[in-house]
Every structure is written in C-alpha cells, then in structure tokens.
Amino acid sequence: MTPALEVVDLVKHFGPVRAVDGVSLRVGSGEVVGLVGESGSGKSTLGRCVTRLVPVTSGEVRINGRDIARLSRRAVRPLRRDFTIVFQDPASSLNPRMTVAEIVAEPLRLHRIGTPSERRERVLDQLDQVGLRPEVARRYPHELSGGQRQRVSLARALVASPSLLVADEPTSALDVSVQASVLNLISRLQAELGFACLFITHDLAAVEFVAQRVAVMYLGKLVEVAEREQLFRAPLHPYTQALLSAAPIPDPVAQRNRQRIVLSGDIPSPVDPPSGCRFHTRCPVAVPRCSVEVPPLRQVAGSLVACHLADGSPQ
C-alpha cells in the first residue's frame, strides 16, 4: 500500500543553518508516527517542509505517492485537501476576525466542497466530533479557552477529510489539565477517521500514548526509528536512552531508583554541526571513530539506528 507520507533524503538549509540534513521517513496509511527530539533538533522544520509551508532545499516529499517538493505553490494548492497541519499555539493560528464557523468552513470553501448549506451542516458535525457545542460556532477565538481553541484547530484541519495530519507540538501550549483531554481527542479521532499522523513533540509520554512508531531526531538527522514498544523497552541510540532516562514515570519508587543519563552541554549549533556523528560531543560512550565517521541509519535488532556501537561492533 502506498504510504500517506514518504520523505526521501530531505534537506532544508536556511542559509548556513542546516536545519534538516538528509532525513528519510515514511508514515503508512492510517499510521501515527511520533517525531521527538530536543528544541533545535529540526523536527518542526521537517513538519513545515512536509506541508510545504517552507520550500525544501533538496529531496522528496511524497504525499500518497506524489512528490510535492518541486511543485509550484499554485500546483500544490488543490492537493492541500489531502494533508494539513495543527500548530503548537492555537491562539496565533486562528484568525481573530473570523467566527469559529468561518474558521472551520474555510477549507471547505477554498476547496469548493459542498453548497453553503452543506458546509454549515458539516461544520456543526465537525464541531460536535471534537467535543464543542453548536453555540461555539458563533464565537470568536478570543472568547474560547486554550483547549477549545485547539479543538477548533483540529476541527478545521480535519473538516475536509485529509489523509495526513501533521500535529506540531499540539499540546505544549496548553495547561497540563487540558493536555490529556486533547491527546485523548486526537487518539480517538485518528482511530475513528483513519488518517495518518506525524505527531511532533518533545513529550515522550504523549508519543507513547498516541504513536505506533517513533522517530528520534537530533541536530537535523534521524538517529533512531522503531516500533513504540521496542523503543521504550530497549532504546539503542545513546541519545534516545538519555531522553527516556529524563522522562518522568508514574511509579514513584521506580522514578526514585532509576539511573539518569545526564548529557553535557547544549545541542550544538546547526550552523556548524560536529563532524562524524553529530551526537558525539555530548555522548557518554563516544569513541574516536564517532568524531570522524558519520554512522548510517541501519537495521539493528528490529530498529533503525545511526550509531557505530549499537550492535556491539568493534570500536
């Protein structure tokens, strides 16, 4: 089956800044793939390249088998019905001068889907699907809570029935008490509607809840890709191991007794990334080979991992 999304050797440079540097990733039809990494790893830039909000430097972005990376903005416009994005901050991504009904109906209007009366009915159905009452349709974004605004964002993103949703940190701007309800909503809608999802976040607990597979990104490159259970049970890359060791767990005894892997320093600048393995300057197990030889993303014990030492090979 053709994947909903296939990224092939994607590169995005902003002048000297190498934000994304040769990433290949696929999201199957109806699959949720979590993309995690520290701030500055390039994961949000990847999401914007996938949705053509920024042009790519090189590589391919295939949506349902069609490469959109080199298409003009005009040629991409009718294809946008098949893919959409939800941003981190709903307050800045919703037009304050439009009512909720107008905001949610906008994709239907732009893609000329249905008559005006059919659009109104579809908007109300979509609001109900995301847990909002009909009277919300008459309100403006500033009259809503953060959680309600993100639900409106989801309604707008899904109203035209896309096959791919890119969710870029969809809960990080919300209160902790609201985050769980929005995650539950995304998970339920994905199960009911069957769209594919690239779920971008730094929250490993969120990824563990919603994703079937997880991709870990560091300084513009993927360092590990694995099934969710595999990655959380037996991470192979030292960076993934460090991320998981820092993530809180609900068992207070286990949390107290676990060994934390503390990384030294900050993530290096993408203007001048380290030679060899980009993680070697912070890696607790790096050897001389790591500073001169770029590790390929290769199959090791059921995972894809970019580490010279992942399979116990000679240093």
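Quick notes
- Identity of the residue in the stretch 287-296, surrounded by fewer than 19 Cβ atoms within 10 Å (Cβ to Cβ) and of a type outside the set (S, T, N, Q), that ends up farthest from the chain's Cα centre (by Cα): PRO288
- Screening the stretch 126-147 for residues that are of a type in the set (S, T, N, Q) and free of Cβ contacts under 8 Å to residues at least 60 places away in the same chain and picking the one that is surrounded by the fewest Cβ atoms within 10 Å (Cβ to Cβ) gives SER145.
- Spans of helices (runs of 4 or more DSSP H) in the stretch 11-117 with at least 1 residues of a type in the set (D, E, K, R) and in contact with a strand residue (DSSP E or B) (Cβ under 6 Å, 6 or more places away or on another chain): 43-50
- Residue satisfying condition, being surrounded by 20 or more Cβ atoms within 10 Å (Cβ to Cβ), closer than 23 Å to GLN179 by Cα, free of Cβ contacts under 8 Å to residues at least 60 places away in the same chain and of a type in the set (A, V, I, L, M, F, W, C), within set VAL100, VAL123: VAL100
- Strands (runs of 3 or more DSSP E) within the stretch 165-247 that include 1 or more residues over 20 Å from PHE83 (Cα atoms): 213-218, 221-227
- Conditions (1) at pLDDT below 95; (2) buried (at least 22 other Cβ atoms within 10 Å of the Cβ): number failed by LEU46: (1)
- Within the stretch 283-292, tally of residues that are over 14 Å from VAL223 (Cα atoms) and either assigned to a loop (DSSP other than H, G, I, E, B) or among the hydrophobic types (A, V, I, L, M, F, W, C) (or both): 5
- Restricting attention to the stretch 132-156, the residues that are among the charged types (D, E, K, R), assigned to a helix (DSSP H, G or I) and either farther than 12 Å from GLU102 by Cα or more than 28 Å from the chain's Cα centre (by Cα) (or both) total 5.
- Residue match in the stretch 274-282 (condition: modelled with pLDDT of 90 or more, surrounded by fewer than 14 Cβ atoms within 10 Å (Cβ to Cβ) and assigned to a loop (DSSP other than H, G, I, E, B)): yes
- Residue within the stretch 256-270 that is outside any helix (DSSP H, G or I), at pLDDT 95 or above and in contact with a strand residue (DSSP E or B) (Cβ under 7 Å, 6 or more places away or on another chain) present: no
The values are calculated or read from the model by the stated rules, or taken from the named source; none is laboratory data. These figures come from a predicted structure and were not determined experimentally. Note: ideal-geometry Cβ built from the backbone for every residue, glycine included; neighbour counts use all protein chains shown.
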